[in-house]
Every structure is written in C-alpha cells, then in structure tokens.
1. Whole-Hz ³J(HN,Hα) for each residue in segment 119-130, computed from phi via Karplus 6.51 cos²θ - 1.76 cosθ + 1.60 with θ = phi - 60°, x for glycine and proline: what do you get?
2. Report for the chain the percent antiparallel among DSSP-assigned beta bridges with both residues inside it, nearest 5.
3. Taking GluC sites (Glu not before Pro) that fall in a DSSP loop and have at most 11 other Cβ atoms within 10 Å as cut points, what is the longest piece of the chain between them?
4. Taking the Cα centre of the chain as origin, sum charge times position over the Cβ atoms of Lys and Arg (+1) and Asp and Glu (-1), and report the length of that vector in debye to the nearest 20.
5. Quick check: pseudo-label points 7 Å beyond the Cα along Cα→Cβ at K43 and Q3, how many nm apart are they?
6. First measure r as the distance between the Cβ atoms of L11 and Q122, then evaluate 1/(1 + (r/R0)^6) with R0 = 30 Å and state the FRET efficiency to the nearest 0.05.
7. Residue separation times 0.36 nm, minus the C-alpha to C-alpha distance between D115 and D73: what's the value?
8. Taking the Cα centroid of segment 72-113 and of segment 21-56, what is the distance between the two, rounded to the nearest whole Å?
Amino acid sequence: QVQLVESGGGLVQAGGSLRLSCAASGRTFSNYGLAWFRQAPEKEREFVAAINWAGTSTRYADSVKGRFTISRDDAKNTVYLQMNSLKPEDTGVYYCARDRYMRTIIHVTPAETPDEYAYWGQGTQVTVSS
C-alpha cells in the first residue's frame, strides 16, 4: 500500500518562500508521475504542478508558473515543491499525489487532472499573509 506524507507547510508573509516535501512508503515513485494540488477553503482542489515519471517533463498552473518548481528524487522516494514569491492567493492545503498508472513513454507529459492520480497525502497547510 502506497502512503504519502507531506511536510514543509507553514505561515509565511507575502513574498516569502517555502519548500514542501512529500515522502512515500510502499511502492517507490519510479515509473510514476507525481503532482501537487492545493485546495483553498470552500473551493475545489486545483492543479499546481506535476512532473513525469522520468523527470523529463514538468507542467505548472499558470498562476504559479515562474514562481514554483517541482522536482523529484527517486533515490529518496521524495517529490518537492519549491515555492517562491508567495502570494496570499497561494494559501491552501497542499497535497501530493502519485499517478494512477505506470508510464513507459520517457517524454510523456504529466497529467494535471485529479482523476489521473490514485494516491494522495493528507495535505500540509500553507498560509500566506499580506
């Protein structure tokens, strides 16, 4: 059974930075895409960033492009989200997720829809004050 645990969230002032981590137990991340989603209070979960299984392709929501960076370290079974220039609009619970399917195309574009991800962490709170 795959288990994902996020960490690194907290309260930060606008313009600050945070680095989120997501560590996995069980089956390793190898051959699976990984993603970060977030959910603000009383709003739907939204896509933030994703990286494919080979680490050869990434994609970002327009709202975070140029500010956030997703990366992975398969040796440590961990995916990261570096968040810079944080804005109050970035506030929410951040979740990491693992692709539902094992991928084999080395340059495949990672998915950005929640339905494509089967395993989810419990989330870590990120609060950005103005």
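Computed from the coordinates by the stated procedures, all read-outs in this text should not be read as laboratory data. Computed from a prediction, not measured in an experiment: that's the story for all the values here. Heads up, the Cβs are rebuilt from the backbone with ideal geometry, glycines too, and the neighbour counts pull from every protein chain shown.
1. Per-residue couplings from phi come out as 10, 10, x, 7, x, 9, 7, 10, 10, 10, 8, 9 Hz.
2. Working: 37 of 41 bridges.
Rounded to the nearest five, the antiparallel share is 90 percent.
3. Counting at most 11 other Cβ atoms within 10 Å as exposed, the longest clean stretch of the chain is 45-130.
4. Using only the charged Cβ atoms, the result is roughly 280 debye.
5. 3.1
6. The pair L11/Q122 has a calculated efficiency of 0.95.
7. Result: 12.7 nm gained on full extension.
8. First find each Cα centre; the distance between them is then 3 Å.
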